[in-house]
Amino acid sequence: MAEKTEDETVTGTTVATAVEPDAQTAERPEEAAAGPEDTAAEEHAEPAGAPSGTGQGAAAVVSAALGLVSLTGGWPGTVAAARETLVGQLRTAADASVATQIKEVYGDAWNTTALWGGLFALVALITGVVVLARPAFGAPGRTAQAPWTRSVAWAGVTLGVIGLLLAVLTYTGVLLGLPAAS
């Protein structure tokens with residue numbers, strides 16, 4: 001059903017027009033003119049359906065968090081080390097030498113902690129590198145990342161490299177090796 005509306009013309013006379021509810025109304029000339037701020041906002045707006053970079057930012061934060069966990073230790077590493085300590089206690093006979101007891105009870109747990117730290121470091125490193133390399137494989141028109149995303153991804157890569165290095169040095173006994181039994 002059409003509605004009747006009244007529009008006032010420039011001369012002051014009133015004109016009645018019929019408007020369909022589903023029909024689009026014509027813009028008035030003063031509404032059709034876009035100001036410079038409208039044009040600037042449209043130029044910087046992302047096209048509909050364009051990725052916002054939220055996933056890359058989240059992945060960068062995850063990379064940095066995993067790198068930090070690789071340095072400080074995490075719950076899975078603690079549980080695995082406690083399990084290895086228990087297994088070492090069960091396998092070691094009461095009359096075993098001190099060197100055997102140290103290796104079985106503490107050495108395997110120490111190595112397990114280093115392995116879990118290295119695993120977290122490796123995942124942090126890979127995630128950070130993927131975030132940094134992602135723009136090279138994206139849409140041709142969109143190659144820039146937010147500066148904070150790149151910074152946090154670099155932090156994740158750096159923490160991952162440090163964590164991986166420490167894990168390898170710890171596992172091999174170069175850094176904080178087991179004490180020698182005398």
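Some points to look at:
- Think of the stretch 47-182 as having a plus end and a minus end, set by charges on the Cβ of Lys, Arg, Asp and Glu; of Ala58, Leu86, Leu119, Ala58 sits farthest toward the positive end of this dipole.
- Across the stretch 89-182, the mean sequence separation of Cα contacts (distance under 8 Å, 6 or more residues apart), normalised by length, yields a relative contact order of 38 percent.
Only the coordinates and a few stated rules stand behind these numbers; no lab work does. Treat the numbers as computed from the prediction; the structure is a model and nothing was measured. All Cβ positions, glycine included, derive from the backbone under ideal geometry; neighbour counts span all protein chains shown.
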